[in-house]
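In what follows, a single structure is set out as structure tokens and then discussed.
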Number of protein chains: 2
Amino acid sequence: MLSNKTKYGIKALVFLAKQDQRVPVQISVISKSENISQKFLESILLTLKKNGVLGSKKGKGGGYYLLKEPKDISMTTVMRLLEGPIAMVPCVSLNFYEKCEDCPDENACAVNKLMLKVRDNTLQIFRNTSLADLSN
Amino acid sequence: MLSNKTKYGIKALVFLAKQDQRVPVQISVISKSENISQKFLESILLTLKKNGVLGSKKGKGGGYYLLKEPKDISMTTVMRLLEGPIAMVPCVSLNFYEKCEDCPDENACAVNKLMLKVRDNTLQIFRNTSLADLSN
DNA sequence: GCATTACTCTAGTAAATCGATAGGGTAAAA
DNA sequence: TTTTACCCTATCGATTTACTAGAGTAATGC
């Protein structure tokens with residue numbers, strides 16, 4: 001299941017991408033428009049900022065804005081930052097790999113085999129989908 | 001993330017599919033061989049039984065066995081029984097559909113659009129993968 | 001400067017889910 | 001009639017999720 005965190009994050013990013021000008025947008029504006037708790041959204045945008053997806057400006061006329069063009073922001077980045085691993089099991093994860101304790105041989109494991117296929121496919125979708133694709 | 005329940009369920013099914021003869025296999029045998037808590041496995045096999053995937057036989061020489069040929073047991077069935085919805089959000093789920101409360105228009109929703117693609121792909125993999133495919 | 005605005009950060013918490021564990025009950029086979 | 005093994009219910013600690021509260025700090029405009 002996709003967490004609300006990720007869901008809200010994507011919605012906020014799309015909202016920013018849809019702005020005509022690249023001016024800072026206040027959290028409260030996004031929060032109202034997308035029906036997201038303001039405080040919760042605050043923490044989400046903060047992580048996106050800390051990881052180079054968003055920039056922010058303080059004070060009057062401040063807010064958040066995209067640091068890159070929507071077409072250059074890939075869904076893999078967003079998913080990994082907000083949701084964590086893309087794989088359904090750690091033993092097939094690229095960025096969050098962990099060995100299964102109960103499994104003697106990964107290569108002989110049916111779950112591994114199946115989930116590897118799923119990960120490959122899902123990853124390809126996220127790689128080929130940019131923020132621009134979602135904003136049309 | 002895939003739950004242990006599903007993971008163990010798949011492993012147990014593969015174990016059963018790999019048996020030469022179609023004789024009942026005791027829970028304790030599967031549990032030891034696959035490093036799964038016996039009691040936990042018990043409840044998993046029970047759900048698979050209640051939903052027509054497995055049969056069971058009581059008493060001495062009893063145990064669980066597949067009700068169908070491995071090639072006729074699709075991963076969609078197994079995943080839905082043990083893991084639940086295949087989709088990452090309820091609003092793109094076929095069997096567990098639910099409308100998002102915060103979303104005014106599903107067709108205009110970026111998350112919906114993205115997750116629909118993911119679900120289609122994942123579903124296709126599960127549909128095209130049978131227990132037989134995983135047992136080789 | 002100084003008030004306003006808006007971002008930043010730290011805690012905490014209610015609710016749900018997960019992954020078991022415990023223990024007794026019941027049916028069937030030898 | 002004893003053994004074996006399936007069947008069912010209840011409980012429980014740990015973790016995660018989705019927020020909420022509240023205080024602090026940095027810019028901006030007048």
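The values are calculated or read from the model by the stated rules, or taken from the named source; none is laboratory data. Model, not experiment: these values are computed from the prediction. Neighbour counts run over all protein chains shown; Cβ positions are idealised from the backbone, glycine included.
What the table below lists for this structure:
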quantity: Residues of the range A:24-40 that turn out to be more than 9 Å from DNA strand D (Cβ to nearest atom) and closer than 13 Å to A:LYS11 by Cα, as a count; calculated: 8
quantity: Residue within the range A:50-62 that is of a type in the set (S, T, N, Q), within 7 Å of DNA strand C (Cβ to nearest atom) and part of a strand (DSSP E or B) present; calculated: yes
quantity: Any hit, the range A:118-135, residues being of a type in the set (Lys, Arg), surrounded by 15 or more Cβ atoms within 10 Å (Cβ to Cβ) and closer than 26 Å to B:VAL14 by Cβ; calculated: yes
quantity: Any pair with Cβ under 8 angstrom, 6 or more apart, that starts in the range B:1-24 at a residue that is within 18 Å of B:ASN51 (Cβ to Cβ) and modelled with pLDDT of 95 or more and ends at one that is among the aromatic types (Phe, Trp, Tyr) and away from DNA strand C (no atom under 15 Å from the Cβ); calculated: none
quantity: Any hit, the range A:77-84, residues being closer than 27 Å to B:ALA87 by Cα, of a type in the set (Ser, Thr, Tyr), away from chain B (no Cβ under 12 Å) and more than 16 Å from DNA strand C (Cβ to nearest atom); calculated: yes
quantity: Inter-residue pairs, beta-carbon under 6 Å, first on the phi > 0 side of the Ramachandran plot and in the range A:46-74, second within 13 Å of DNA strand C (Cβ to nearest atom), 6+ apart; calculated: A:GLY63/A:PRO24; A:GLY63/A:VAL25; A:GLY63/A:GLN26
quantity: Members of the range A:32-89 that are crowded, with 18+ Cβ neighbours inside 10 Å and of a type in the set (Gly, Ala, Ser); calculated: A:GLY63, A:ALA87
quantity: Residues located in the range A:1-43, provided they are under 19 Å from A:ALA132 (Cβ atoms), away from chain B (no Cβ under 12 Å) and part of a helix (DSSP H, G or I); calculated: A:ILE30
